[in-house]
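Input: a single structure, listed below in structure tokens.
Throughout, read-outs are computed from the coordinates displayed, never taken from laboratory work. Because the structure is a prediction, the values reported are computed rather than measured. Cβ atoms come from the backbone with ideal geometry, glycine included; neighbour counts cover every protein chain shown.
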Amino acid sequence: MTGKCPSCQQLIGTVNVQPIDAYEGTKTWKAGVFTCPLCRSILSVSLDEGYRAQWIVGEIKKVIANTNRSS
Ligand SMILES: [Zn+2]
């Protein structure tokens, strides 16, 4: 399956991925940056799955806490 790079408009069948650090204030997480193999434009950045899972659990806990507070 191929897609078109939004920067160079070429059809690409692969992307390059590189590990990168993502910063939020003083916190650091592992992330991956996906780039076009032809022009090296950044196509996407994704946070480490473990961090995403922790973040989702934190958001669910907030919703539960707010639900219990209002009832
Ligand atoms: Zn490109």
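Being more than 16 Å from the ligand (Cβ to nearest atom), over 29 Å from Thr2 (Cα atoms) and out of contact with any Gly (no Cβ under 9 Å at 6 or more places or on another chain): is that true of Glu49 here?
no
Could you look through the range 1-30, keep only residues that are loosely packed, with under 10 Cβ neighbours inside 10 Å and of a type in the set (Val, Ile, Thr), and pick out the one that is farthest from the ligand (Cβ to nearest atom)?
Among residues in the range 1-30 that are loosely packed, with under 10 Cβ neighbours inside 10 Å and of a type in the set (Val, Ile, Thr), the one farthest from the ligand (Cβ to nearest atom) is Thr26.
Which is over 18 Å from the mean Cα position of the chain (by Cα), surrounded by 12 or more Cβ atoms within 10 Å (Cβ to Cβ) and either of a type in the set (A, V, I, L, M, F, W, C) or within 30 Å of Cys8 (Cα to Cα) (or both), of Leu38, Leu43, Leu47?
Leu38
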